[in-house]
Amino acid sequence: KSVAIVGCPFSGGQTKAGVDKGPIYLVEAGLPQQLADLGWQVQFDGHHQFEEISAASDPPIGKLKNPRFVSKVCQAVAQVVGGHAKKGQLPLTLGGDHSLAMGTISGTLDTYPDACLVWVDAHADINTPQTTDSGNIHGMPVSFLLGLDTSVPEFAWVKPNLKPNKLVYIGLRDIDAGEKKILRENGIKAFSMHEVDKWGIGKVVEMALDHVNPKRESPIHLSFDVDALDPSVAPSTGTPVRGGLTFREGHYICEAIYETGCLVALDIMEVNPSLADAASAVQTVAVGCSLARSALGETLL
Ligand SMILES: N[C@@H](CC/C=C/[B-](O)(O)O)C(=O)O
Ligand SMILES: [Mn+2]
Ligand SMILES: [Mn+2]
Ligand SMILES: [Mn+2]
């Protein structure tokens, strides 16, 4: 079994500096060796160098910030992730902000058309160019993947291969009004922190997988935004929201998905080591590495 680490030092989907350092810190913390110690054949051919598009030549389109840069980078990431997946490797994308998921999931769906998507996040990241308030594209990848809005030509390359019934959220607790409407209108299944409290993480993961992968036969793409975790667990991230998943709840999701044997792609996103004090950065990076290990087979016993 082979994992390809796709280091994506990219921050164009949001406005806080430092999230592009996430992959560098995760690799520096020893993640490749940690995965090799789990028995994985590890391919890491260095972090991807994305050719910059200057702000001067990338003015906003409507509210969207850095639209051409985000689009170009995500298109490249889709090729890279799809390439690894087609070679039978498990692409492990290290962000970088969550707009990258437009690329990673495009790559996965191109390779595994019947894949389902488990999106672990405090946020739904499903704003359209019309509903976004911030214009930060890290709050929009899911809307593009669903094909909800095709009004921006720069994103015409994103194929609407994600179906609403193949998507499930865990950890939601900070959803914009426009996103709530989209979730309702599209009948998208979401387990917010309320459901996690009500049922417990074990039941939530079981219900989430029953929804998108009832026979546990579809490939799974797990896109994990570390801000799904409580800020006390993962403080160094761009959009922290209180009342999040505990360290164990986050790891249980990863462990349970690994146990299905269906995982084909993983994203660990939004680690921003420059946002807080050094100790918080180290803690958040360590949690990112630990989540990846759990999703790739590390067990407690
Ligand atoms: N909904 C907000 C927050 C987006 C959060 C993105 B994240 O989940 O990738 O951190 C927005 O649209 O700006
Ligand atoms: Mn590569
Ligand atoms: Mn996100
Ligand atoms: Mn988030």
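Where a number appears in this text, it was derived from the coordinates with a stated rule and is not lab data. Please read all numbers here as calculations on a predicted model, not as lab measurements. Heads up, the Cβs are rebuilt from the backbone with ideal geometry, glycines too, and the neighbour counts pull from every protein chain shown.
Tabulated values for the structure
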{"item": "Any hit, the stretch 274-287, residues being touching a Phe, Trp or Tyr at 6+ places or on another chain (Cβ under 7 Å) and acidic (Asp, Glu)", "result": "no"}
{"item": "Test: Gly202 is under 19 Å from Thr260 (Cα atoms), small (Gly, Ala, Ser) and loosely packed, with under 15 Cβ neighbours inside 10 Å", "result": "yes"}
{"item": "Residue under evaluation Tyr169, criteria (1) closer than 20 Å to Val77 by Cβ; (2) crowded, with 16+ Cβ neighbours inside 10 Å; (3) of a type outside the set (Gly, Ala, Ser), criterion not met", "result": "(1)"}
{"item": "Per-region count, the stretch 239-253, residues crowded, with 23+ Cβ neighbours inside 10 Å and farther than 21 Å from Val19 by Cβ", "result": "2"}
{"item": "For Phe10: the one exception among (1) in contact with a Leu (Cβ under 7 Å, 6 or more places away or on another chain); (2) part of a loop (DSSP other than H, G, I, E, B); (3) hydrophobic (A, V, I, L, M, F, W, C); (4) without any contact (Cβ under 8 Å) to a residue 60 or more places away in the chain", "result": "(4)"}
{"item": "Residue within the stretch 218-234 that is hydroxyl-bearing (Ser, Thr, Tyr) and without any contact (Cβ under 8 Å) to a residue 12 or more places away in the chain present", "result": "yes"}
{"item": "Complete set of residues in the stretch 126-164 that are within 22 Å of Ile253 (Cβ to Cβ), within 16 Å of ligand 4 (Cβ to nearest atom) and either surrounded by fewer than 19 Cβ atoms within 10 Å (Cβ to Cβ) or hydrophobic (A, V, I, L, M, F, W, C) (or both)", "result": "Ile126, Val142, Leu145"}
{"item": "Some residue of the stretch 75-93 being within 16 Å of ligand 3 (Cβ to nearest atom), closer than 28 Å to Arg293 by Cα and in contact (Cβ under 8 Å) with a residue 60 or more places away in the chain", "result": "yes"}
{"item": "Selected residue (criterion: farthest from the chain's Cα centre (by Cα)) from residues of the stretch 145-176 that are free of Cβ contacts under 8 Å to residues at least 40 places away in the same chain and outside any loop (DSSP other than H, G, I, E, B)", "result": "Pro153"}
{"item": "Every residue from the stretch 208-250 that is of a type in the set (Asp, Glu), part of a loop (DSSP other than H, G, I, E, B) and within 12 Å of ligand 3 (Cβ to nearest atom)", "result": "none"}
{"item": "Residue satisfying condition, being within 11 Å of ligand 1 (Cβ to nearest atom) and on the phi > 0 side of the Ramachandran plot, within set Gly178, Gly135, Gly139", "result": "Gly135"}
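Here is a yes/no grid of residues against (1) in contact with a helix residue (DSSP H, G or I) (Cβ under 8 Å, 6 or more places away or on another chain); (2) over 21 Å from Met140 (Cα atoms):
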{"residue": "Lys1", "(1), (2)": "no, yes"}
{"residue": "Leu31", "(1), (2)": "yes, yes"}
{"residue": "Asp45", "(1), (2)": "no, yes"}
{"residue": "Val73", "(1), (2)": "yes, no"}
{"residue": "His98", "(1), (2)": "yes, no"}
